[in-house]
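Quick notes on the structure that follows.
A short reminder: the numbers here are calculations on the coordinates, not readings from a lab. Quantities reported herein were computed from a predicted structural model and do not represent experimental measurements. So basically every Cβ, Gly included, is an ideal-geometry build from the backbone, and we count neighbours across all protein chains shown.
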Amino acid sequence: MGWHDTLAAKSAQMGKTSAEFRAGARRKLKATALFLVVAVVVGYFVGWLWALLPGLVAAWSALQLLSATLIASRLEAIERQASPDRS
């Protein structure tokens, strides 16, 4: 069982849903895009050394995006197993 599987299991026990993590992933996607744009603008006008700071924040946000997406997919699998078969 991987780290994201463990986090998904704990989140399911706490009552969190995959929709909450998908919403969080969308917010992180927007934040990542914003910080990348800021990094490019700062790099263009001020210098690429100063663009490292928003670039690092964008990288951190991208890692959080990936993590939220992986947990949401694990939670969806847990939710499918918990719900009765609808076929």
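Here are the numbers:
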quantity: Hull shadow area, averaged, the chain [alpha-carbon convex hull, nm²]; calculated: 7.0 nm²
quantity: Trypsin sites (Lys or Arg not before Pro) restricted to DSSP loop in segment 9-87 with at most 12 other C-beta within 10 Å; calculated: ARG86
quantity: Relative contact order of the chain, pairs being alpha-carbon contacts under 8 Å that are 6 or more residues apart, as %; calculated: 44 percent
quantity: Dipole in debye (nearest 20) - the chain, about Cα centre, beta carbon charges: Lys, Arg +1; Asp, Glu -1; calculated: 160 debye
quantity: Sites MET1 and ALA23, calculated FRET efficiency, Cβ-Cβ separation with R0 25 Å, nearest 0.05; calculated: 0.50
quantity: Under the span-like rule (Cα at least 30 Å along the axis, Kyte-Doolittle mean at least 0.0), DSSP H helices of the chain; calculated: 18-45, 52-82
